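K.L.:
Pasting in a structure now, in structure tokens, and then I'll have a few things to ask.
Just so it is clear, none of the values below were taken in a lab; they were calculated from the coordinates. The structure displayed is predicted, hence computed values, not measured ones. Cβ placement follows ideal geometry from the backbone for every residue including glycine, while neighbour counts extend to all protein chains displayed.
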There are 2 protein chains.
Amino acid sequence: MENRIERLCIESGVKMTGQRRIIARVLSEATDHPNVEELYRRAIAIDPRISIATVYRTVRLLEEKGILERRDFGEGRARYDPTDRGHHHHLIDVDTGKVIEFEDEEHEAVVKRIAERLGFTLVSQRLELFGRRVKAEAAREDQPRAEPPRAAARRPARPIPLARARRAPPPRGAGER
Amino acid sequence: MENRIERLCIESGVKMTGQRRIIARVLSEATDHPNVEELYRRAIAIDPRISIATVYRTVRLLEEKGILERRDFGEGRARYDPTDRGHHHHLIDVDTGKVIEFEDEEHEAVVKRIAERLGFTLVSQRLELFGRRVKAEAAREDQPRAEPPRAAARRPARPIPLARARRAPPPRGAGER
DNA sequence: TTAAGTGCAAAGCCTTTGCTGGGAC
DNA sequence: GTCCCAGCAAAGGCTTTGCACTTAA
């Protein structure tokens, strides 16, 4: 059993409580990009003595420590992505909501160049691609879908609860390379 | 006096009420990316007999009609961008919150290629760059800033109020080219 | 020991919506 | 004349927070 996240927490000087250890474990075992509610669900499956407020406080703390990155796939809630998985972007399947990670050096070079052309040094960036799987059998695309795509993909770019600004800008997160 | 947006509304078969005309005018005159509250402020300056609920309903309608695009700069609220300004992305100055529009053919080609490499056809995308102005006098960057950057830039990728999914995914908006 | 974390419930913020009266076509 | 729209206020959904108790170091 690993628990990379707990290790990172300790390295960052985060006081490890029982609840945080569980959340760290859940995060370490996750291979997807869970939102708070999902993290909470997985956490209470291990130990019910944990509240969702603690999950919110913990992801926020880990985000501030640079252990987690907050992602916004336009669903109306945040998702979290451990930074130790490395720098990457996401492609969301608009029909299934499935998220695919990728990285691309050429893209990094291009955006860096764009920023410089505009007189800026790139601090960070957000890139999400939305795509549809290429299928052999050309889909009859005009026909209305009986089953609408998953919520994840259905919600478009969505606003965001204001909430008092609290920490630094995107600068820290994804982007540098 | 122009009012491009009102024209677009009529072309799209949107019933023009007094309130919508005012909002259309505000949008036509805007050169920035106002959020709902800002639109509301500008609208009531012209005619106070308008409620913020109407602004919300109107931007949503215009978004569905493809006249507006919803943007999320990670501030906790949505901003709106008339689509007739053409396809573009944004670079946000992390120190001032100022938003700069840009477009780049090379980038478009790169992301299209990325999607294809992953077995997808690109439906849309979201790209935001966060950068810091390049200054002649090399800034002493470790020194803490007396004045923190504007809220706009300070808030990182932020969650998003869930709200029942309502229309199609990002597909429609920015991205295609 | 003692500062920090946790639970619970209430509050906050942006956004949506039910309902009633009003207006566009 | 009808169906859609606007206002208002309440509700909704995610997230934060005040307070009293518990716990890590």
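K.L.:
Work out, step by step, the length gained on full extension between A:GLU106 and A:ARG57: first 0.36 nm times the residue separation, then minus their alpha carbon distance; give nm to one decimal.
P.N.:
Working it through step by step, the gained length comes to 14.0 nm.
K.L.:
Please enumerate, by chain and number, the lysines with C-alpha under 20 Å from the C-alpha of A:LYS15, excluding those fewer than 8 residues away in the same chain.
P.N.:
A:LYS65
K.L.:
Quick one: what are the phi-derived ³J(HN,Hα) couplings along segment A:100-108, Karplus 6.51/-1.76/1.60 with θ = phi - 60°, whole Hz, x for glycine and proline?
P.N.:
After applying 6.51 cos²θ - 1.76 cosθ + 1.60, I find 10, 8, 7, 9, 7, 5, 4, 4, 4 Hz.
K.L.:
Same structure again: Quick one: which of A:20-26, B:18-24, A:93-99 comes out on top by average Cβ neighbours within 10 Å, and what's the full order, highest first?
P.N.:
Details: A:20-26: 22.0, B:18-24: 19.9, A:93-99: 18.1.
In descending order of packing, they fall as A:20-26, B:18-24, A:93-99.
K.L.:
Then there is this: FRET efficiency for A:ARG117 and A:ARG41, Cβ-Cβ distance as r, R0 = 45 Å, nearest 0.05?
P.N.:
0.50
K.L.:
Would you pull out the residues with amide H under 5 Å of A:ASN3's amide H, same chain only if 5 or more places away, H placed 1.01 Å from N?
P.N.:
Here nothing satisfies the definition.
K.L.:
Quick one: which residues, 5 or more positions from A:ASP95 or on another chain, have an amide H under 5 Å from its amide H? H modelled 1.01 Å from N in the peptide plane, none for Pro or chain starts.
P.N.:
A:ARG133
K.L.:
Something else now. If I take the Cα coordinates of segment B:4-83 and project them onto the principal axes, what are the three extents in Å, biggest first?
P.N.:
Taking the Cα atoms of segment B:4-83, the three principal extents are 32, 27, 21 Å.
K.L.:
Tell me the label-point distance for the pair B:ARG133, B:ARG21, using the 7 Å Cα-to-Cβ offset, in nm and rounded to one decimal.
P.N.:
In this crude spin-label approximation the distance works out to 4.1 nm.
K.L.:
When each copy gets a label point 7 Å from Cα toward the beta-carbon at A:ARG4, what are the spacings between them in nm, shortest first?
P.N.:
4.6
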